Amino acid sequence: MKKLLLLIILALVVAIQPSYAAENTPFTIDATDYIIFDEQKGIIEAAGDVVIELKPDSIRADQIQIDLNAEIIRAKGNIVLKTEEREMTGEALEYDYRKEEGQVFDSEMEEGQLSFFGEVINIKEDELLLEETYLTSCNKDKPHYRLTAEKITVYPEEKLVAEGTYLWINERRVMPLPRYKQSLKEGEEDKHTIPQPQVGYSEADGLYVGIDYHHFINQDFSGDVAATATTNQMNRIDLDYLYQDDKLKVAPRIYYHQDYGLETYLNLENKIGESTVSDFAGRYYIERDDEENDYRERLWSGRWDLQTKLLNNELNLNLEQDQDDEAMQETLTYGNSWDDYYWQLEANRNRDVNRQPEFSLGINNRDLGDGNLLSAGAKIGEIEEDGEEARREQFSLELRNSGKEITDSTELYWAGRIEDSHYIGEDEYDYRNYAFNLGANQKLGPTDLNIDYRYYDELGESPFEFDRLTDEDMGRRDYLSGRLSGQHEVTESLDFDWQVQGAKRVYEGDQEKGREEQEYNSYGYRTGVDYAINEYHQVSLGYRYQQYSGSTPLEDDEIDYTSHLEGSYRFQTNELVYPYSDVEINAGYDLKEGELDRLQYSLIREFDCFSAQVGVDQVNREVNFGLELKY
C-alpha cells in the first residue's frame with residue numbers, strides 16, 4: 001500500500017510541476033510512518049526515517065515537509081544531507097532543491113581533515129557560510145585544541161576563512177587570531193594561520209625561541225612572519241607579504257638581522273590594459289661570506305621590465321642596474337612567434353655583450369615525427385664585447401630525439417648541433433663548433449645499463465668569448481661514460497640496491513697553441529641495504545665511493561674523491577592509531593677525512609590534531625623543539 005501511495009505522489013508531483021519535471025529528474029520519497037500529499041496546497045509531509053533522493057544528493061530526517069510551489073524542503077530531527085562533495089548533519093534543515101541552497105541548524109560537517117560544529121551552516125552554490133561555530137582536527141570529545149569563530153566561510157576544495165577567531169587549548173581561551181585562513185588544496189594543508197613555535201639551541205644562536213605565522217588579511221593580501229630571539233645576539237625577523245588582484249601585484253619583504261642589519265626587497269607588477277605588463281624588482285641587501293665572518297658589504301640592485309604589443313608583435317624593454325654599474329643596462333626586443341617559428345630584433349646597451357642591433361629568425365623544436373625535434377636559426381647583426389666590435393653572421397642547426405624505443409628493453413637517444421659564425425671587423429674570422437650526443441638505455445633483467453657518448457669540437461677563431469663552447473679554445477673533446485645499476489627485493493623485508501659508473505674524458509692537444517693532450521678518468525660505485533626488522537623497526541646502511549685519475553683543463557669536469565659510509569635506524573609505532581611515535585637516527589662517516597660528519601636524532605610524537613618533536617644534531621651542536629597544531 002505504501003509503495004502504491006509513493007507512486008501516486010510521484011505522479012502528482014510531475015503533473016503539478018511540469019517545468020521542474022522537464023528540467024530535472026523527479027525526487028523520490030520513502031518513509032516508515034506516513035507520507036501525505038495535500039494537492040490543494042501543493043505540500044507533501046512525511047515522518048519516520050524519511051529519505052528523499054535528489055540524485056545525486058539525498059536528505060534523511062525524522063520529519064519532512066516539501067512545499068512544491070516554493071520548491072522548499074523543511075526537515076526536523078537527525079538530519080543527514082549528502083551531496084557529491086560532503087555530508088552534513090544537524091537538527092533542522094531548510095533547503096531550496098532547485099537552487100541547491102539552504103540552511104542546516106545545530107550542524108556538524110567535515111571538510112578535509114577538519115570537523116566543524118556550528119549553530120547554522122548556510123549552503124550556497126560555491127561556498128558554505130558557518131555562523132557561531134568552532135572547528136578542530138581532534139577526534140576527542142574534549143579536543144586538545146579548537147578554534148571558535150563568529151563566522152566561517154568555506155570555499156570547497158580551496159580554502160576556509162574565519163573571522164572573530166579565538167584559539168582554545170584544553171578548553172582555555174589562549175589568544176585571538178586577527179583572521180584565520182586554512183588552505184584546503186592538496187599539498188598546501190600546512191599553510192595555516194596558527195602561530196608555530198620553535199625552541200632550541202645551536203652553536204651560532206645559543207638558546208633561541210622563534211615563531212612562524214601566516215598572516216591572512218583578506219582574499220588578496222597575506223604574508224608570512226618569522227621571528228627568532230637568541231642569547232647570542234642573533235635576533236632576526238622576516239616579514240614577507242604579497243598583495244595580488246587582477247591588475248596589481250605588490251610583494252614587499254623586510255628582513256632584519258641583529259648582527260648585520262636591515263635588508264629590503266620589493267616586487268611590483270602592474271597590468272595596464274589588455275596587453276601591457278610592467279614589472280619592477282628592487283633590493284637593498286647585505287652580501288656576506290660564510291668563510292669570512294667579518295665580511296659585510298651593503299649592495300643594491302634594480303630591474304624593470306615592460307612588456308606590450310606593437311602592431312600585433314611583442315615589444316619588451318628591460319632596464320637593470322646595481323651599485324657596480326656605471327650606467328644602466330638596457331635591452332629592447334621586438335618580435336613574434338607562431339607555431340614553431342619565430343623572429344626577433346634585439347638591441348642592447350651597457351651590457352657585457354651588446355647587440356647594435358641583431359636580427360634573428362628560426363624554427364624551435366619543430367616536430368618531425370617519431371620523437372625527432374628540429375631547431376634552426378639565423379642571426380645577423382653588430383656585436384660588441386669588451387671593446388671588440390664585429391658584424392656577426394651566424395647559422396645554427398640542431399636535431400635531437402630524447403628517447404626512441406627500439407625494443408621493449410632498449411631505448412636510444414641522440415642530439416646533434418652545429419653552429420657556424422662569420423665575423424667582419426678590423427679582421428675577418430670564421431668559427432664553427434659542434435656538439436653531438438648518442439646514448440642508450442638497456443634493461444638487462446633486474447639491472448639497468450646506460451652508455452653515453454658526447455663529442456665537442458671547435459674550429460677557427462672567434463673574437464667573442466660568449467660564442468665559444470668554453471672560456472678558452474679547447475679543441476676537440478670526447479666523453480664516454482657508462483652506468484650499471486640494480487634494485488633487488490631479496491626478501492619481503494630486505495631490499496638491496498647498487499650502482500657502478502665510470503667515465504673517460506679526452507681533451508685534444510694542439511702544439512701550435514701549446515696545449516697538451518689530457519685524459520681524465522673517473523669511476524665509482526654505491527650500494528645500499530634496507531632491512532625491515534619488523535613492522536616497527538627499520539635499518540639502512542649504505543656506502544659511496546668515487547675516485548679519479550689524470551687531469552682536466554675544465555673545472556666543471558672535476559669530481560671529488562669520496563669514501564663515505566652512512567646508516568640510519570627508524571622506529572615507528574602504528575601510524576593508524578593516534579598518538580604514535582616516530583624515532584629516527586641518521587649517521588654518516590667520512591672515511592677520507594676519518595671523521596663523523598653527521599649524527600642526528602629526532603623524536604616525533606604525532607597526535608591527530610598536533611605533533612611535538614625534538615631534534616638533535618650532534619655534529620653541528622644543535623637542539624630544537626617544535627610544536628605544530630595541524631590544520
Would a scan of region 272-291 turn up a residue that is open to solvent by less than 50 Å² (accessible area, probe 1.4 Å), closer than 30 Å to Ala162 by Cα and either over 24 Å from the mean Cα position of the chain (by Cα) or touching a residue at least 40 places away in the same chain (Cβ under 8 Å) (or both)?
no
Mind telling me which of the residues Ala70, Ala92 ends up being open to solvent by 10 Å² or more (accessible area, probe 1.4 Å), within 17 Å of Glu119 (Cβ to Cβ) and hydrophobic (A, V, I, L, M, F, W, C)?
Ala92
With closer than 30 Å to Asn521 by Cα, open to solvent by 50 Å² or more (accessible area, probe 1.4 Å), touching a residue at least 24 places away in the same chain (Cβ under 8 Å) and in contact with a Lys or Arg (Cβ under 8 Å, 6 or more places away or on another chain) as the only criterion, which of Tyr548, Tyr561 stands out?
Tyr561
Within region 570-591, does at least one residue satisfy the condition of being at pLDDT 90 or above and exposed (fewer than 14 other Cβ atoms within 10 Å of the Cβ)?
yes
Regarding Tyr431, is this residue surrounded by 14 or more Cβ atoms within 10 Å (Cβ to Cβ), in a strand (DSSP E or B) and more than 40 Å from the chain's Cα centre (by Cα)?
yes
Yes or no: region 517-535 includes at least one residue that is open to solvent by less than 40 Å² (accessible area, probe 1.4 Å), in contact (Cβ under 8 Å) with a residue 40 or more places away in the chain, among the aliphatic types (A, V, I, L, M) and assigned to a loop (DSSP other than H, G, I, E, B).
no
Scanning region 175-203 for residues that are at pLDDT below 80, open to solvent by 20 Å² or more (accessible area, probe 1.4 Å) and in a strand (DSSP E or B) gives Met175, Lys181
Which residues, counting only those in region 606-631, are buried (at least 16 other Cβ atoms within 10 Å of the Cβ) and among the charged types (D, E, K, R)?
Glu606, Asp608, Asp617, Glu622, Glu628, Lys630
Among the residues of region 574-618, which ones are over 27 Å from the mean Cα position of the chain (by Cα) and not in a strand (DSSP E or B)?
Asn574, Leu576, Val577, Tyr578, Pro579, Leu591, Lys592, Glu593, Gly594, Gln618
Count of residues meeting criterion [under 27 Å from Gln182 (Cβ atoms), surrounded by 15 or more Cβ atoms within 10 Å (Cβ to Cβ) and either of a type outside the set (Gly, Ala, Ser) or free of Cβ contacts under 8 Å to residues at least 12 places away in the same chain (or both)] in region 221-235
3
Looking only at strands (runs of 3 or more DSSP E) that fall completely inside region 304-385, which ones have 1 or more residues that are of a type in the set (S, T, N, Q) and either open to solvent by 60 Å² or more (accessible area, probe 1.4 Å) or touching a residue at least 60 places away in the same chain (Cβ under 8 Å) (or both)?
329-338, 341-349, 353-369
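The values are calculated or read from the model by the stated rules, or taken from the named source; none is laboratory data. From a predicted model like this one, the values you see are computed outputs, not experimental measurements. Quick reminder, even Gly has a Cβ in these numbers, built from the backbone with ideal geometry, and neighbours come from all protein chains shown. Keep in mind that these areas ignore ligands, DNA and RNA; they rest on the heavy atoms of the full protein, side chains included. Shrake-Rupley method; radii C 1.70, N 1.55, O 1.52, S 1.80 Å.
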